[in-house]
Amino acid sequence: MIRNTTKKQKLGWVLLILYLILLVYLMFFAESFGRSPEARDEYAYNLELFKEIRRFYIYREQLGMKAFFLNIFGNVIGFMPGGFFLPVVSRRSRRWYNTVLLCFCLSLSIETVQLIWKVGSFDVDDLFLNTLGGLIGYICYRIVHTIRI
């Protein structure tokens with residue numbers, strides 16, 4: 001498998017692995033995102049779509065614009081590299097629905113681990129925003145691929 005890969009794919013694998021390591025760190029270990037042991041006592045989850053997005057929008061003045069942008073755009077931007085690099089490293093991911101499905105499964109895995117380990121919070125809004133980020137990353141890949149050809 002490694003012998004049949006191009007230099008572009010090898011670089012894509014390296015960047016994808018580095019991205020996944022950074023993603024795991026931010027989702028499970030970064031204290032600046034509330035991943036400290038004390039935060040586990042206040043664990044919460046959300047199973048209602050758009051509930052947290054709506055709450056962050058309505059109370060954006062009280063929460064601060066930084067918290068609003070970090071929650072909404074951070075979840076989207078955080079998964080854009082996945083949507084971009086998956087088609088680079090895998091021919092199957094060159095179809096948009098495979099990339100979006102893989103990004104959804106990765107996001108669901110992260111949210112499930114957060115639910116089980118009580119780190120962060122399980123939030124269906126995060127699933128939606130992360131999957132949207134994967135789709136936008138795929139669109140960026142298609143744009144770059146079209147320009148390159």
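If I take R0 = 41 Å and measure r between the Cβ atoms of Arg95 and Glu61 in this structure, what FRET efficiency does the formula 1/(1 + (r/R0)^6) give, to the nearest 0.05?
Computed FRET efficiency for Arg95 and Glu61 comes out at 0.45.
Using C-alpha positions alone, give me the convex hull volume of segment 48-134 per residue in cubic angstrom.
Cα-based convex hull of segment 48-134, divided per residue, equals 91 Å³.
Would you pull out the residues with amide H under 5 Å of Asp123's amide H, same chain only if 5 or more places away, H placed 1.01 Å from N?
Excluding prolines and chain starts, which carry no amide H, the hits are Asn46.
Hey, what's the chain come to in accessible area per residue, 1.4 Å probe, Å²?
Averaged over the residues of the chain, the accessible area is 66 Å².
So what's the gap between the Cα centers of segment 11-28 and segment 103-149, to the nearest angstrom?
If you average the Cα positions of each part, the centres end up 13 Å apart.
Calculate what fraction, in whole %, of the accessible area of the chain sits on carbon and sulfur atoms when a 1.4 Å probe is rolled over the protein chains.
67 percent
On the full set of protein chains, 1.4 Å probe, figure out the accessible area of Tyr45 and give it in Å² to the nearest 10.
140 Å²
Which FRET efficiency value, to the nearest 0.05, do you get for Leu11 and Thr112 by plugging their Cβ-Cβ distance into 1/(1 + (r/R0)^6) with R0 = 41 Å?
Efficiency, from the Cβ-Cβ distance: 0.85.
Under the definition of Cα pairs under 8 Å and six or more residues apart, what whole-number percent is the relative contact order of the chain?
Normalised by residue count, the contact order of the chain is 32 percent.
Grab the Cα-Cα distance for Glu31 and Phe73, subtract it from 0.36 nm times how many residues apart they are, and report the gain in nm with one decimal.
Length gained, Glu31 through Phe73: 13.2 nm.
The values are calculated or read from the model by the stated rules, or taken from the named source; none is laboratory data. Source: prediction; values computed, not measured. Here Cβ is always computed from backbone atoms with ideal geometry, including for glycine, and neighbour counts include all displayed protein chains. All accessible areas refer to the heavy atoms of the entire protein, side chains included, with ligands and DNA or RNA removed. Shrake-Rupley method; radii C 1.70, N 1.55, O 1.52, S 1.80 Å.
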